[in-house]
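Down below is the structure, laid out as structure tokens.
The values are calculated or read from the model by the stated rules, or taken from the named source; none is laboratory data. In this text, all values refer to a predicted model and were calculated from it rather than measured experimentally. No Cβ is skipped: glycine too gets one built from the backbone with ideal geometry, and neighbour counts run over all protein chains shown. To get the accessible areas, we keep the full protein, side chains included, count just its heavy atoms, and leave off ligands, DNA and RNA. Shrake-Rupley method; radii C 1.70, N 1.55, O 1.52, S 1.80 Å.
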Amino acid sequence: MAPKYAPSLRRLLPVLAICLEIAFILIFIFFVQYDDSYIQDETQSKKRKTVTIVYADFQDVHVMVFLGFGFLMSFLRRYGFSSTGFNLLVAALGVQWATLVNGFLFEFSDGKIRINMMSLVTANLCAASALISMGAVLGKTNPVQLLLMTLLEVTSFIFNHWFLTTFIKMDCVSSIMHHHVFGAYFGLMVSWALHRPGLRQRHEKEKSSTDMGKFSMLGTIFLWMFWPSYNSVLIEGKAEKMNAVYSTYFSLAASAVTVFAFSVLISKKGKMNMVYIHNATLAGGVAVGAAATVIPSPWIALTIGLTAGLICILGCWFMKPFLELAFDIHDTCGVHYVHGVPGILGVLIRIVIELVTASNLQVAWSEAAFYLLALYITLALSLVLGLVTGFLLKLNIWKPDQKYFDDQAFWEFPHLAVKL
């Protein structure tokens, strides 16, 4: 018999997953087809070059979403199977669903959704918002809840993207880059709604280990290496694209150095903390995302990276336990300080740069108000829709798990000894 604290998902998970996949297949049959019109008029050599460049950018983002995020979240000593396995499950479902929702809202014509390589890139970025939210509830949800959260979160984020581009007239790149902020605060609200009294004190299994720490560091390195592609993949202008690559690279470098220094400084024993380094090293890449195309000098990117790294490590060290005790907001992976606060910082930095470099202050202040409005809308929608999603996931019909941070609730383990 299955133990009471780990309810069996034998009926619920297969039925939900297969029904969703069959529904996707039917929608793809009637409404989706491949689109190669963007390369039909090019010469053969230029066509090969275009496909190669676009595919290289797609592959960088693809590796980050499916490998980088998965290994990054594998730091918990008894949750390695679930961290990497559920990351694959959420990402695979999220990419399919994002392709459809984006297609119907932005690419639907003549009764068809025509998808190309950039459609897949956008779908991966939308799925990444669900992975960010997953980081806030990691170890406290079962795969059925994660599937449902992915559907609702991806739909909510794309609705936010559609609203910003349609009514606020924000450009597509800036709107998509709000996925850090949206995913973080959506996940925090889900975590708050799912909170149980047993999480108020640090859970005995919510700890890392040497082996799992190495796997998580591997994820950090993959994300760190490919983040310049992540921030620049949707940018079309060559000069702006390269500016985003340079700025992201220097910001990441500065945040990495800052994190190592302050990790030692805040330690009682004067030693480095690997968990802080896993997360805060990436804060520079998040913070520079919204402003990457307008940063005029490398020193500004370095300063952004230093600031973001400092905010992230101090937030994880001081504010994370405070939020747990004061507001019952349990953030397993610290997404508030890795994605949320650095994402907000990036928008504010863009506003400052636009104001400082503007030739017409009246126009610059109008654009500043425009970016602030977009940020407020993103925060409001993420908080409200995340809260609604959290209460939906708390229903007993989804068999919420009470065995936190433990793979044994969901996975089979091979016997250590086999009798022949």
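Does at least one position in segment 376-389 carry a residue that is aromatic (Phe, Trp, Tyr) and either under 28 Å from PRO143 (Cβ atoms) or surrounded by 19 or more Cβ atoms within 10 Å (Cβ to Cβ) (or both)?
No, every residue in segment 376-389 fails to be aromatic (Phe, Trp, Tyr) and either under 28 Å from PRO143 (Cβ atoms) or surrounded by 19 or more Cβ atoms within 10 Å (Cβ to Cβ) (or both).
Out of segment 166-191, which residues are farther than 17 Å from ARG350 by Cβ and free of Cβ contacts under 8 Å to residues at least 24 places away in the same chain? So that I can check it myself, show each step before the final result.
Residues of segment 166-191 farther than 17 Å from ARG350 by Cβ: 166-167, 183-191.
Once the filter is applied, which keeps residues that are farther than 17 Å from ARG350 by Cβ and free of Cβ contacts under 8 Å to residues at least 24 places away in the same chain, segment 166-191 yields THR166, PHE167.
Of all residues being more than 22 Å from the chain's Cα centre (by Cα) and either at positive phi or aliphatic (A, V, I, L, M) (or both) in segment 392-403, which is modelled with the lowest pLDDT? Just the residue, please.
LYS399
Exactly one of (1) modelled with pLDDT of 90 or more; (2) open to solvent by 60 Å² or more (accessible area, probe 1.4 Å) is unmet by ASP41. Its number?
(1)
Residues are listed down the side, and each one gets a yes or a no for (1) modelled with pLDDT of 95 or more; (2) under 23 Å from TYR249 (Cα atoms); (3) assigned to a helix (DSSP H, G or I):
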| position | (1), (2), (3) |
| --- | --- |
| ASN279 | no, yes, yes |
| ILE304 | yes, yes, yes |
| ILE311 | no, yes, yes |
| TYR337 | no, yes, yes |
| LEU345 | yes, yes, yes |
| GLU354 | no, yes, yes |
| ALA364 | no, no, yes |
| ALA368 | no, no, yes |
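Return the total of residues in segment 371-398 being farther than 22 Å from GLY183 by Cβ and either touching a residue at least 24 places away in the same chain (Cβ under 8 Å) or of a type in the set (D, E, K, R) (or both). Even if it seems obvious, please write down each step before you answer.
First, pick out the residues of segment 371-398 that are farther than 22 Å from GLY183 by Cβ: 395-397.
With either touching a residue at least 24 places away in the same chain (Cβ under 8 Å) or of a type in the set (D, E, K, R) (or both) added as a condition, the list becomes none.
Looking only at that region, the number is 0.
All but one of (1) closer than 20 Å to PHE58 by Cβ; (2) at pLDDT below 95; (3) of a type in the set (Val, Ile, Thr) hold for THR248; state the number of the condition that does not hold.
Unmet condition: (2).
Considering each of SER119, SER133, SER129 in turn, give the residue that is touching a strand residue (DSSP E or B) at 6+ places or on another chain (Cβ under 9 Å) and hydroxyl-bearing (Ser, Thr, Tyr).
SER119
State whether one or more residues within segment 60-80 are surrounded by fewer than 24 Cβ atoms within 10 Å (Cβ to Cβ) and either without any contact (Cβ under 8 Å) to a residue 12 or more places away in the chain or closer than 19 Å to GLY386 by Cβ (or both).
no
Hey, ARG114 hits all of (1) assigned to a helix (DSSP H, G or I); (2) in contact with a Ser or Thr (Cβ under 8 Å, 6 or more places away or on another chain); (3) touching a residue at least 40 places away in the same chain (Cβ under 8 Å); (4) under 19 Å from ILE25 (Cα atoms) but one; which does it fall short on?
If we test ARG114 against (1) assigned to a helix (DSSP H, G or I); (2) in contact with a Ser or Thr (Cβ under 8 Å, 6 or more places away or on another chain); (3) touching a residue at least 40 places away in the same chain (Cβ under 8 Å); (4) under 19 Å from ILE25 (Cα atoms), just (1) comes out false.
Is there a residue being open to solvent by 10 Å² or more (accessible area, probe 1.4 Å), free of Cβ contacts under 8 Å to residues at least 24 places away in the same chain and more than 23 Å from ARG77 (Cβ to Cβ) anywhere in segment 298-312?
Yes, some residue in segment 298-312 is open to solvent by 10 Å² or more (accessible area, probe 1.4 Å), free of Cβ contacts under 8 Å to residues at least 24 places away in the same chain and more than 23 Å from ARG77 (Cβ to Cβ).
Do you know which residues across segment 282-336 are more than 22 Å from HIS179 (Cβ to Cβ), touching a Phe, Trp or Tyr at 6+ places or on another chain (Cβ under 6 Å) and hydrophobic (A, V, I, L, M, F, W, C)?
Passing the criteria: LEU302, ILE313.
May I ask you to list the residues in segment 213-237 that are in contact with a Gly (Cβ under 6 Å, 6 or more places away or on another chain) and either β-branched (Val, Ile, Thr) or crowded, with 21+ Cβ neighbours inside 10 Å (or both)?
GLY219, LEU223, TRP227, ASN231
At pLDDT 95 or above, of a type in the set (A, V, I, L, M, F, W, C), farther than 30 Å from GLY135 by Cβ and open to solvent by 30 Å² or more (accessible area, probe 1.4 Å) - does that describe any residue in segment 83-98?
Within segment 83-98, none of the residues are at pLDDT 95 or above, of a type in the set (A, V, I, L, M, F, W, C), farther than 30 Å from GLY135 by Cβ and open to solvent by 30 Å² or more (accessible area, probe 1.4 Å).
Does PHE167 satisfy the condition of being buried (at least 20 other Cβ atoms within 10 Å of the Cβ) and more than 24 Å from TRP411 (Cβ to Cβ)?
Against the criterion (buried (at least 20 other Cβ atoms within 10 Å of the Cβ) and more than 24 Å from TRP411 (Cβ to Cβ)), PHE167 does not qualify.
If you take the residues of segment 252-277 that are of a type in the set (Ser, Thr, Tyr) and assigned to a helix (DSSP H, G or I), which of them is most open to solvent (accessible area, probe 1.4 Å)?
Top of the filtered list is TYR276.
Table: residues versus (1) open to solvent by less than 10 Å² (accessible area, probe 1.4 Å); (2) under 24 Å from GLN59 (Cα atoms); (3) out of contact with any helix residue (DSSP H, G or I) (no Cβ under 8 Å at 6 or more places or on another chain).
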{"position": "ALA123", "(1), (2), (3)": "yes, yes, no"}
{"position": "LEU131", "(1), (2), (3)": "yes, yes, no"}
{"position": "VAL137", "(1), (2), (3)": "yes, no, no"}
{"position": "LYS140", "(1), (2), (3)": "no, no, no"}
{"position": "LEU151", "(1), (2), (3)": "no, yes, no"}
{"position": "TRP162", "(1), (2), (3)": "no, no, no"}
{"position": "ILE176", "(1), (2), (3)": "yes, yes, no"}
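Of all residues in segment 332-391 being under 29 Å from ARG78 (Cβ atoms) and small (Gly, Ala, Ser), which is nearest to the chain's Cα centre (by Cα)?
Only one residue tops the list, namely GLY340.
Considering (1) closer than 21 Å to SER74 by Cα; (2) at pLDDT 95 or above; (3) surrounded by fewer than 19 Cβ atoms within 10 Å (Cβ to Cβ), say which one GLY285 fails and leave the rest.
Among (1) closer than 21 Å to SER74 by Cα; (2) at pLDDT 95 or above; (3) surrounded by fewer than 19 Cβ atoms within 10 Å (Cβ to Cβ), the lone unmet condition for GLY285 is (3).
If I go through segment 404-420 residue by residue, how many of them are assigned to a helix (DSSP H, G or I) and either at pLDDT below 70 or open to solvent by 90 Å² or more (accessible area, probe 1.4 Å) (or both)?
Residues that pass the stated criteria total 1.
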